[in-house]
């Protein structure tokens, strides 16, 4: 009985330490995103204009910040937003460097964007059809719209 009690206490301590690490890491990652975004924005202001790659980079920062916020609130990694970041990054790469890319490279990047878009579709369909164990049986909140819809 005493060994079981020690094990339970160690498990609780482990849970607390893991959660503390997650919170600290999320604050560090979130702060780094804000710092990087602010630095790039200040550089845009200093330049006097924003190029397309600058604007797309700000969208990437926005999506990364959203990932951190969702993970902080729900303890779940929003896979859709990771896919959105990848799509935006590839779109940024394609839009900026298309004049320097060979045809096979352009096809590879556009094919990658297509595959990621299909992955978004699959994840959307899967989340609409299958409920995760952490979601309520009576209500599920969709992150994309912020609305609640009954099951």
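Condition check ((1) part of a helix (DSSP H, G or I); (2) more than 23 Å from residue 118 (Cα to Cα); (3) at pLDDT 95 or above) across all residues:
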site: 9; (1), (2), (3): yes, yes, no
site: 44; (1), (2), (3): yes, yes, yes
site: 53; (1), (2), (3): yes, yes, no
site: 56; (1), (2), (3): yes, no, no
site: 67; (1), (2), (3): yes, no, no
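Conditions tested, residue by residue: (1) modelled with pLDDT of 90 or more; (2) within 20 Å of the chain's Cα centre (by Cα); (3) within 19 Å of residue 67 (Cβ to Cβ).
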{"residue": "107", "(1), (2), (3)": "yes, no, no"}
{"residue": "114", "(1), (2), (3)": "yes, yes, no"}
{"residue": "120", "(1), (2), (3)": "yes, yes, yes"}
{"residue": "127", "(1), (2), (3)": "no, yes, yes"}
{"residue": "132", "(1), (2), (3)": "no, yes, yes"}
{"residue": "138", "(1), (2), (3)": "no, no, no"}
{"residue": "147", "(1), (2), (3)": "no, yes, no"}
{"residue": "150", "(1), (2), (3)": "no, no, no"}
Exercise for review: Answer with yes or no whether residue 26 is at pLDDT below 95, in contact with a helix residue (DSSP H, G or I) (Cβ under 6 Å, 6 or more places away or on another chain) and surrounded by 10 or more Cβ atoms within 10 Å (Cβ to Cβ).
Suggested key: yes
Point to revise | Selection from region 82-126 of residues that are free of Cβ contacts under 8 Å to residues at least 40 places away in the same chain, in contact with a helix residue (DSSP H, G or I) (Cβ under 8 Å, 6 or more places away or on another chain) and more than 24 Å from residue 51 (Cβ to Cβ) | key: 82, 117, 119
Point to revise | Neighbours by Cβ (under 9 Å, 6+ apart or cross-chain): first from region 1-20, closer than 22 Å to residue 72 by Cβ; second outside any helix (DSSP H, G or I) | key: 19/75
Point to revise | Of all residues making up region 96-116, the number that are closer than 29 Å to residue 127 by Cβ and surrounded by fewer than 15 Cβ atoms within 10 Å (Cβ to Cβ) | key: 5
Check your understanding: Out of all the residues in region 69-79, which are part of a helix (DSSP H, G or I) and either surrounded by fewer than 16 Cβ atoms within 10 Å (Cβ to Cβ) or out of contact with any helix residue (DSSP H, G or I) (no Cβ under 9 Å at 6 or more places or on another chain) (or both)?
Key -> 69, 72, 73, 74, 79
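The values are calculated or read from the model by the stated rules, or taken from the named source; none is laboratory data. If you're wondering where the values come from, they're calculated on a predicted model, not measured in any experiment. A quick note on method: Cβ atoms are made from the backbone with ideal geometry, for glycine too, and the neighbour counts reach across all protein chains shown.
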